[in-house]
Amino acid sequence: MKRTLSVICFAALLLSVSGYTECYRPTGRGDGLPKHIKTLAIPPFQNPSLRYKVEQRFTSAVIDEAIHRSRSLKIVSTPEGADAVMNGMSRDERHD
């Protein structure tokens, strides 16, 4: 009786959890850009604050993450000839 109850509980648990496998999609798979973008320009970000070299560290971190997420993407620093450009701007520069 105890073994049968354990098997039934395990089966119910397995059935309840198995429905969630298709819902989960991990982030960071590198497929967020359209397929036609092969070259991404990431110009150096500007530093409107008084923090020393924060724009260099932030630009470097964004480039590293872009390379990590999509190894087939070519990263350049100038927009000429790039398929897309990623510009960083401060909260004050945004035009909401």
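The numbers here are math on the coordinates, done by the rules we state, and not lab data. Predicted model, so just to flag it, every value in this text is computed and none were measured. Cβ sites come from the backbone with ideal geometry, for glycine too, and all protein chains shown count toward neighbours.
Between LEU50 and ILE8, with labels modelled 7 Å along Cα→Cβ, what's the label distance in nm to one decimal, could you check?
In this crude spin-label approximation the distance works out to 7.1 nm.
For the range 53-85, run through the trypsin sites (Lys or Arg not before Pro) and keep only the ones in DSSP coil with at most 13 other Cβ atoms within 10 Å of their Cβ.
LYS53, ARG71
If the cut-off is a Cα-Cα distance under 23 Å, which lysines reach LYS74, setting aside same-chain residues fewer than 8 apart in sequence?
LYS35, LYS38
Quick one: if you stick a label point 7 Å off each Cα along the C-beta vector at HIS36 and MET1, how many nm between them?
It is 7.0 nm.
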